[in-house]
Amino acid sequence: MAEQKTYEQKPRAIRPMRGRGMPVPKGAIKKGTLPRLIKTVFKYYKWQMIVAFVCIFFNAMGSLVSSVFMQSLIDEVITPAIREHLGYDGVRVKLITMVIGMASAYMIVIIAGFFYNRIMAVVTQGMLYHLREDMFAKMQNLPIKYFDTHAHGEIMSTYTNDTDATRQLIGQSLPTLLSSSLTLLVSVSLMIWYSLWLFLVVAVCTFAMTLVVKKIGGNSAKYMVAQQHSLAEEEGFVEEMMKGQKVVKVFTHEERAKEDFERLNAKLFKDSERAHKFGNILGPILGNIGNFTYVLIAIIGGLLYTLEVKNIGASSLFFGLQTLSIGTIIAFLGMSRNFTQIVNQMSQQISMIAMGLAGASRVFTLMDEAPEHDDGYVTLVNAKKDENGNLVETQERTGLWAWKHYHKADGTTTYTELRGEIVLDSVDFGYTEDKQVLTDVSLYAKPGQKIAFVGATGAGKTTITNLINRFYDIADGKIRYDGININKIRKSDLRRSLGIVLQDVNLFTGTVMDNIRYGRLDATDEECIQAAKLANADDFICRLPDGYDTMLTNNGANLSQGQRQLLSIARAAVADAPAMILDEATSSIDTRTEALVNDGMDKLMHGRTVFVIAHRLSTVRNSDAIMVLDHGKIIERGTHEQLLEQKGTYYQLYTGAFELE
């Protein structure tokens with residue numbers, strides 16, 4: 001077998017694929033993220049957080065009990081006992097009092113720690129619950145454009161990695177930072193109270209520690225934020241590759257896919273390595289500075305004690321100048337050790353705080369996305385006719401629908417019967433401002449008419465149906481539904497009046513019956529079965545293991561593409577909308593099944609306004625009007641026979657009689 005020739009290709013940069021959107025700037029944290037996060041926590045757990053802060057305060061105080069106890073024990077019990085040759089009886093009462101006091105303080109710390117851990121367990125997990133609920137609720141109100149411009153895997157990363165980082169920030173990093181800050185504040189106060197000389201030693205060493213934290217800790221925080229964004233990019237790529245795995249294998253794109261993943265993974269590795277490298281070396285450096293501080297205090301304290309230098313501190317204002325005592329030196333050694341450990345502990349939280357803030361920032365970015373704009377005020381209501389033949393609103397389902405139109409000018413309300421008349425008048429549209437997709441598109445569809453759109457891929461066929469649904473808003477022109485500008489109709493009511501069958505079928509985890517009922521949630525089992533029969537789906541459903549109770553998972557992977565399409569048509573049938581949009585609805589169905597489906601679709605379309613998009617022109621021959629689009633313009637219109645007589649673009653598409661250049 002001949003050796004396959006390979007071609008060396010230069011590495012190419014990863015570019016966002018369709019749907020990936022613009023990358024988030026690395027290292028960018030939304031301004032005001034921390035105050036907003038704290039405000040959000042207090043919104044749901046106000047009293048729990050107040051109790052938690054009280055517990056943190058007691059925990060912070062408890063860490064200094066031993067140092068204060070040692071100073072009092074040496075200076076007030078042991079030293080006087082040695083100097084005055086007092087026996088056990090002479091110091092027993094004072095010693096017992098001090099031990100009881102310290103035991104009581106530690107008991108308070110233990111109780112505070114117990115309640116703190118219980119409360120924070122509820123708060124942290126509860127915040128995950130609320131954040132995800134708020135995000136999902138927000139996501140339901142986002143426009144289709146958002147999902148067209150953001151990778152689905154990147155959105156999923158917000159639900160998982162970013163919320164988990166936020167949980168760690170709320171449950172660990174912020175409480176640790178608060179506790180450490182309180183402890184430092186009290187430690188500094190005690191040091192100034194005991195000895196200003198020894199405090200100056202600690203202050204100099206603390207300044208050195210601050211410089212180290214600023215330099216190394218800042219780098220760690222920066223790369224932790226970059227790590228969050230790199231992780232989201234990688235997850236977005238993995239989700240894209242999983243969704244397109246068949247395409248990858250068909251075109252033998254495995255090696256290039258691996259190369260692309262390796263670049264993204266290498267970037268994530270590089271950011272993570274740097275973040276943890278700086279984070280890991282920070283602790284030992286600060287620990288060694290702390291050890292040096294400990295030794296320096298012992299040496300300087302010993303010299304001051306030996307030379308009997310007068311001690312200066314806040315206590316001197318009340319008790320006068322005294323020589324530095326051994327108890328003060330020992331207490332200072334304990335406090336300095338505790339002080340440096342706390343600084344080290346706080347520095348270790350810098351990277352975690354940065355990662356948590358980055359996660360919270362991404363969560364809030366999603367929540368701050370502009371919701372789908374809807375200023376419509378015309379609503380869809382159940383109606384019936386009174387004895388005079390006038391439409392009146394009713395709460396019962398009558399099968400007769402009407403547009404409820406409130407007129408602000410005179411305060412009156414009118415009802416217009418939902419007929420399905422749709423008119424496009426000189427419509428211009430572009431997905432971006434610099435590129436126009438539709439130009440001066442005008443058409444009308446009378447109630448019960450079948451309007452077909454044909455043309456080359458990218459001509460603007462699906463775009464027109466997207467505009468009728470108001471997935472996007474037009475740039476210029478008018479779209480009227482039963483004589484009402486659709487901008488005045490509330491979007492949810494507009495879409496409720498439209499049934500739609502897409503080329504790409506989405507089935508949800510649940511039974512077959514659940515997926516058909518998705519078209520109308522209050523539909524009965526009998527209505528769902530009738531809709532399936534209408535779409536000629538009942539036959540194959542009854543052959544499934546559990547019939548209509550068969551569970552579907554992974555977008556209906558256990559069904560064929562044609563069966564999935566039939567379920568999609570049944571879903572539209574049960575919606576029983578007066579207007580239908582069929583976007584390549586029979587593209588995945590064989591010719592025999594297509595004949596059955598068309599028969600069912602003809603029954604479904606009876607009395608309804610229908611827009612059909614089809615490349616298979618045999619499905620649109622019986623349309624009342626066929627619109628031929630080219631580059632966003634309607635270049636031909638008419639019935640099947642009329643367009644064939646013109647021998648224009650439609651004739652060429654239908655017969656395949658393309659002229660050779």
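The values are calculated or read from the model by the stated rules, or taken from the named source; none is laboratory data. The structure displayed is predicted, hence computed values, not measured ones. As a convention, Cβ positions derive from the backbone with ideal geometry for all residues, glycine included, and neighbour counts pool all protein chains shown.
Annotations
- Scan of the range 396-416 for residues that are under 30 Å from Glu527 (Cβ atoms) and either touching a Cys at 6+ places or on another chain (Cβ under 7 Å) or small (Gly, Ala, Ser) (or both), ordered by number: Gly399, Ala402
- Total residues in the range 448-458, condition surrounded by fewer than 18 Cβ atoms within 10 Å (Cβ to Cβ) and either of a type in the set (D, E, K, R) or at pLDDT 85 or above (or both): 0
- Looking only at the range 413-447, and only at residues there that are surrounded by 15 or more Cβ atoms within 10 Å (Cβ to Cβ), of a type in the set (Val, Ile, Thr) and within 39 Å of the chain's Cα centre (by Cα), the one that is nearest to Val628 (Cα to Cα): Val441
- Residue check: Ile635 meets all listed conditions (1) out of contact with any strand residue (DSSP E or B) (no Cβ under 7 Å at 6 or more places or on another chain); (2) surrounded by fewer than 19 Cβ atoms within 10 Å (Cβ to Cβ); (3) at pLDDT 85 or above but one, namely (1).
- Residues (among the β-branched types (Val, Ile, Thr), assigned to a strand (DSSP E or B) and within 21 Å of Gly420 (Cα to Cα)) located in the range 610-637: Val610, Val612, Ile613, Ile626
- Within the range 533-547, residues that are at negative phi have Cβ atoms under 7 Å from residues that are part of a loop (DSSP other than H, G, I, E, B) and surrounded by fewer than 20 Cβ atoms within 10 Å (Cβ to Cβ) in these pairs: Leu544/Thr550, counting only partners at least 6 apart in sequence or on another chain.
- The set of residues in the range 158-212 that are farther than 30 Å from Tyr305 by Cβ and either of a type in the set (Gly, Ala, Ser) or touching a Cys at 6+ places or on another chain (Cβ under 9 Å) (or both) comprises Ala165, Gly171, Ser173, Ser179, Ser180, Ser181.
- Verdict on Lys246 being surrounded by fewer than 18 Cβ atoms within 10 Å (Cβ to Cβ), at pLDDT below 75 and assigned to a helix (DSSP H, G or I): yes
- Scanning the range 368-422 for residues that are in contact with a His (Cβ under 8 Å, 6 or more places away or on another chain) and more than 28 Å from Leu443 (Cβ to Cβ) yields a total of 1.
- Residues in the range 345-369 that are over 16 Å from Asn161 (Cβ atoms) and polar (S, T, N, Q): Gln345, Ser347, Gln348, Gln349.
- Among residues of the range 367-411, those that are among the small types (Gly, Ala, Ser), farther than 30 Å from Phe147 by Cα and part of a loop (DSSP other than H, G, I, E, B), counted: 4
- Selection status of Ala360, modelled with pLDDT under 85 and surrounded by 20 or more Cβ atoms within 10 Å (Cβ to Cβ): no
- Test: residue in the range 391-412 that is among the aromatic types (Phe, Trp, Tyr), surrounded by 13 or more Cβ atoms within 10 Å (Cβ to Cβ) and not assigned by TED's automatic domain parsing to the domain that holds Leu190: yes
- Which listed residue is of a type in the set (Asp, Glu), within 30 Å of Asp134 (Cα to Cα) and either surrounded by fewer than 20 Cβ atoms within 10 Å (Cβ to Cβ) or not assigned by TED's automatic domain parsing to the domain that holds His229 (or both), from Glu308, Glu372: Glu372
- Looking at the range 412-480, the strands (runs of 3 or more DSSP E) lying wholly inside it that each contain 2 or more residues that are among the hydroxyl-bearing types (Ser, Thr, Tyr) and closer than 23 Å to Leu400 by Cα sit at 412-417.
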